[in-house]
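Please read the structure below before turning to the comments.
The values are calculated or read from the model by the stated rules, or taken from the named source; none is laboratory data. Here the structure is a predicted model, which means the values were calculated and not measured. Please note: Cβ atoms are built from the backbone with ideal geometry, for glycine as well, and neighbour counts cover all protein chains shown. Ligands, DNA and RNA are excluded from the accessible area calculation, which covers all protein heavy atoms including side chains. Shrake-Rupley method; radii C 1.70, N 1.55, O 1.52, S 1.80 Å.
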Amino acid sequence: MTAPQQTGHKHLQRIFSHTHWANLEILEALQKAEAVPEKLISLFGHLLSAEKVWLERLNERDSSSLSIWPISRLAECGALIQENYNGYLTFLEQLKDTDLDTMIPYQNSKGIAFSTSIFDILSHVSLHGSYHRGQISSYLRLEGYEPVNTDYINFSRLEEYEA
């Protein structure tokens, strides 16, 4: 049995469903931990804040006032997970495959101007999150907790997320 082929933006919608699921898995693990080191909350907050910054850039809004290291409490993480997911869903729903090469102008956190394609920005957001979720899982293991497996293949096997 072969999986149905997905167009570029449909595949990106699935990737961001994975991102949402993986963020919720990390949040749950951090909430279950008895004493979460501050560095883990900060790292998770960074991941979520960066998602927010990139969403603002994709919508061609000024993100210069947003910090990428602002969060210090898990409750803030939970709210931002849902806010980001809703924002990305809205953005992706209006996207067409022909839009993926559209260049988005923005300034990075140092004020340097760039222009990057929508496809590359969305790919970066997904990969950046995977990188930091892996770091968080490694730190959890070092702290004596069970690491969280947020691999895409595990997500793809879940019936509730089937297309």
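Summary of computed values
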| item | result |
| --- | --- |
| Which of Ile136, His18, Ser65, positive extreme of dipole for the chain (C-beta unit charges) | Ser65 |
| Low-density loop cleavage sites - GluC sites (Glu not before Pro) in segment 86-163, where at most 10 other Cβ are within 10 Å (DSSP) | Glu162 |
| Lys, Arg +1 and Asp, Glu -1 on Cβ, resulting dipole of segment 84-161 about Cα centre, debye, nearest 20 | 320 debye |
| Loop trypsin sites (Lys or Arg not before Pro), segment 67-163 (other Cβ atoms within 10 Å of the site Cβ: 13 or fewer; DSSP) | Arg73, Lys96, Lys110, Arg157 |
| Residue-level accessible surface for Ile112, protein heavy atoms, 1.4 Å, Å² | 90 Å² |
| Virtual paramagnetic centre 7 Å along Cα→Cβ of Ser117, amide N under 13 Å, in segment 28-65 | none |
| Entries in Lys32/Lys52; Lys52/Lys96; Lys10/Lys39; Lys32/Lys110 that, when Cα-Cα distance is taken, lie over 28 Å | Lys10/Lys39; Lys32/Lys110 |
| Net length gained if the chain between Leu89 and His11 were fully extended (0.36 nm per residue, minus Cα distance) | 26.8 nm |
| Magnitude of the charge dipole, the chain, Cβ model with Lys/Arg +1 and Asp/Glu -1, debye to 20 | 300 debye |
| Helix-only CD estimate at 222 nm, as mean residue ellipticity for the chain, using -39500 (n - 2.57) per DSSP H run (n ≥ 4) | -20000 deg cm²/dmol |
| Förster-model FRET efficiency, 35 Å R0, Leu127 and Glu34, C-beta, rounded to 0.05 | 0.65 |
| Relative contact order computed over the chain (Cα-Cα under 8 Å; 6+ residues apart), in percent | 30 percent |
| Estimated FRET transfer efficiency (Gln135, Lys96; beta-carbon r; R0 22 Å; 0.05) | 0.05 |
